[in-house]
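The values are calculated or read from the model by the stated rules, or taken from the named source; none is laboratory data. Since the structure is predicted, the reported quantities are computational estimates derived from the model, not experimental observations. Note: ideal-geometry Cβ built from the backbone for every residue, glycine included; neighbour counts use all protein chains shown.
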Amino acid sequence: MKLVSYKTEDLEHLGVFFNGHIYNLNSLNHVIPDNMADFLNGGEALMEAAKHAFEDLKADHENIKEEIFYEVIAPVPHPTSLRDAYAFRQHVATARKNRGVEMISEFDQFPTFYFSNHHAIYGPGEIFCMPDHFQKLDFELEVAIVINKKGRNIKAADADDYIAGYMIMNDFSARTLQMEEMKLNLGPAKGKDFATSVGPWLVTKDELEPYKTQTKTNHVGNSYQLNMECWVNSQLVSKGDFATMDWTFAEIIERVSYGCDILPGDVIGSGTVGTGCFLELNGTGKLNDSNYKEQWLQPNDRIELRVQGLGILSNMMIADKTEFSILALKK
């Protein structure tokens, strides 16, 4: 299933995308809540109810009314938390090489992550950014999972059972802000907390079964071979493969849940796929050609992240009408 959150007259609803249309899940089965948060809190029981409702819809969709006037929002518009991992070795190694430093051995010892701002979640559509955000504004091509079962001290072998589904994630990054603050060995914070987009829908695990592939040696958990692309103003700028993710989401959940509850509605990103951001692409370009011209996201750029099996997440970058700058406040 492709589960969708959407608005009609400023009210949020939960739907399922089928055959080019959105259908309200609560209308199909009144047991199913009409919002994503309550649905995820219902765990496997509500997931099974949604699957049965979806089967009924497929069998009789010509006689079921679809939504007509709606606005698609983030599939999980109000996450209980937002974490982003660092799971693709290619991205980490290349970014470090471009900075002239050796690959760090700890990457291969355990997965790591940071917390971001779960109140700055966007779905498809416009994203308003402040002037300082456009100082080297970057995309990050990622996949995210959503949790629908509370757990603690979860072993990697059991962790995939806690995943409700997968969605595309764009971890927008204001690199000038990020690089300045991380010199103090904290963060990323202001370089990340203004916008993260996810969507266009939450794809349940059963839909990804055809893409399942062999997990890397000495790793545990499900892996999927999904082509990943980023397009900016209809130009392809990045290509990757989800199967190159070194640390699996199961292993990341094991790390995340150590001595700590994970909760329904938690969102966890994969980190950037290899070549999946301008920071990496620009660094490699300049390393190979001193005349290489850097590229960063600009006002009115349209950016599309396309992931096989997960859809297309499209955003337009809009400049906020203000001159206020925190970079200008530096002492």
Within region 211-227, residues out of contact with any strand residue (DSSP E or B) (no Cβ under 9 Å at 6 or more places or on another chain) and in contact (Cβ under 8 Å) with a residue 24 or more places away in the chain come out as His219, Val220, Gly221
Could you check, for region 16-37, whether at least one of its residues is β-branched (Val, Ile, Thr), more than 19 Å from the chain's Cα centre (by Cα) and part of a loop (DSSP other than H, G, I, E, B)?
yes
The correct count of residues that are in contact with a Lys or Arg (Cβ under 9 Å, 6 or more places away or on another chain), within 16 Å of Asp266 (Cβ to Cβ) and either small (Gly, Ala, Ser) or without any contact (Cβ under 8 Å) to a residue 60 or more places away in the chain (or both) in region 86-119 is 2
For region 262-279, name all the residues that are over 22 Å from Leu226 (Cβ atoms) and small (Gly, Ala, Ser).
Gly265
Going by the conditions given, is Asn227 surrounded by fewer than 22 Cβ atoms within 10 Å (Cβ to Cβ) and farther than 19 Å from Ile163 by Cα?
yes
Do we find that Ala157 is surrounded by fewer than 19 Cβ atoms within 10 Å (Cβ to Cβ), of a type in the set (A, V, I, L, M) and touching a residue at least 12 places away in the same chain (Cβ under 8 Å) in this structure?
yes
Given the criteria among the aromatic types (Phe, Trp, Tyr), within 30 Å of His13 (Cβ to Cβ) and either outside the structural domain of Glu229 (by TED's automatic domain parsing) or touching a residue at least 24 places away in the same chain (Cβ under 8 Å) (or both), does Phe128 qualify?
yes
